[in-house]
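Quick notes on the structure that follows.
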Amino acid sequence: MLYSSADDWRAAPQKRVLLFAMSGLGKTYLSNMLREGGDWFHYSIDYRIGTRYMGEYIADNAKAEAMKVPFLRDLLLSDSIYIGSNLTFANLTPVSAYLGKPGDPAKGGLPMEEYRRRQEQFRQSEIHALLDTAYFIERAQRLYNYPHFICDTGGSICEWVDPDDPADPILSELDRHTLMVWIEGTEAHTQELIRRFDKAPKPMAYQAEFLSQVWSAYLAEKGCTEAQVDPDAFIRWTYAKALAHRQPRYEAMARNWGITVTADAVARVRTPQDFETLIAEALEARAAAA
């Protein structure tokens, strides 16, 4: 690991951390808090995906919808209007909206073939964004003179890596430049995430093999065709299964590549100094368990 001990971490003039966890457990909360403290550069993987790697896909999709409206079509063809996404750290909706949900087009669903195509676009984009981490570490120091760096990853990072492979290209690259930190939730946290998702289901990224399994299982269980699937019903049905699928992958990432902090401990962090203490204690706990 980048920091071999708590003392090494505390003494480091340049602290570099990557957070990974299920969405909703505190990654962005910590990243925003550290950025607002003034000494930490916040690198958001989801923001990078939406601006650098999927921005054109998102804009073209919006233009395609606008072209269906004669009034807007004429304005677009004459270059009289501009269509783009208003993506910010606080508003990543354009990315999830582009990913979409599979199922009945009348309910906003996408054909599965198109849905898989967008999922693959996202997979490639996230991998590229993760591998850009070292560049942004250097950029943050060179341009802005930030001493510290926090990488706020998306919940799907675990889908594209093999945490048990010591030569995994993504994890090896991230390990060279950051201390990887898993925010571990409890069963109560998981149930709360499921409750929130059920109330407001949002598109998410899935490993291709997992998506094939749950899609086939859903069609068989509900006895429906692709075009009859209620998009929100499908992603609600899939969410808890996706969390269960990701949990052991997160655990392996933490075991083989990083350290673990709890979501409850993260919720108590209020200052950058609290965060530094949290990481130091996690490093001490890992050393004691070794």
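The values are calculated or read from the model by the stated rules, or taken from the named source; none is laboratory data. Since this is a predicted model, take the numbers as computed values, not measurements. We place every Cβ from the backbone using ideal geometry, glycine too, and count neighbours over all the protein chains shown. When the accessible area is computed, the model is the full protein with side chains, heavy atoms only, and any ligands, DNA or RNA have been set aside. Shrake-Rupley method; radii C 1.70, N 1.55, O 1.52, S 1.80 Å.
What do you reckon, is S23 part of a loop (DSSP other than H, G, I, E, B) and touching a residue at least 40 places away in the same chain (Cβ under 8 Å)? The answer is yes for S23.
Selection within region 44-88: residues that are open to solvent by 60 Å² or more (accessible area, probe 1.4 Å), among the hydroxyl-bearing types (S, T, Y) and in a loop (DSSP other than H, G, I, E, B). The member of this set that is nearest to G154 (Cα to Cα) is Y82. The criterion of being in a loop (DSSP other than H, G, I, E, B) and polar (S, T, N, Q) holds for N91.
With the condition kept exactly as written, say whether any residue in region 89-101 is surrounded by fewer than 18 Cβ atoms within 10 Å (Cβ to Cβ), under 24 Å from I183 (Cα atoms), out of contact with any strand residue (DSSP E or B) (no Cβ under 6 Å at 6 or more places or on another chain) and hydroxyl-bearing (S, T, Y). For region 89-101, residues surrounded by fewer than 18 Cβ atoms within 10 Å (Cβ to Cβ), under 24 Å from I183 (Cα atoms), out of contact with any strand residue (DSSP E or B) (no Cβ under 6 Å at 6 or more places or on another chain) and hydroxyl-bearing (S, T, Y): present.
Reported count of residues in region 235-276, each being aliphatic (A, V, I, L, M), without any contact (Cβ under 8 Å) to a residue 60 or more places away in the chain and closer than 22 Å to L219 by Cα, is 3. Of the helices (runs of 4 or more DSSP H) entirely within region 153-272, those holding at least 3 residues that are in contact with a Pro (Cβ under 8 Å, 6 or more places away or on another chain) and crowded, with 17+ Cβ neighbours inside 10 Å occupy 231-257. Yes or no: G154 modelled with pLDDT under 95 and under 17 Å from L30 (Cβ atoms)? For G154, the condition - modelled with pLDDT under 95 and under 17 Å from L30 (Cβ atoms) - is met. Could you tell me whether any residue of region 62-72 is under 30 Å from Q119 (Cα atoms), in contact with a Ser or Thr (Cβ under 7 Å, 6 or more places away or on another chain) and β-branched (V, I, T)? Within region 62-72, not a single residue is under 30 Å from Q119 (Cα atoms), in contact with a Ser or Thr (Cβ under 7 Å, 6 or more places away or on another chain) and β-branched (V, I, T).
Give region 26-67 a look and list any residue that's without any contact (Cβ under 8 Å) to a residue 60 or more places away in the chain and β-branched (V, I, T), or say none. Selection gives T51, I58. Counting only residues that are open to solvent by 60 Å² or more (accessible area, probe 1.4 Å) and within 19 Å of R268 (Cα to Cα), which one in region 4-34 is farthest from the chain's Cα centre (by Cα)? Selected residue: Y29.
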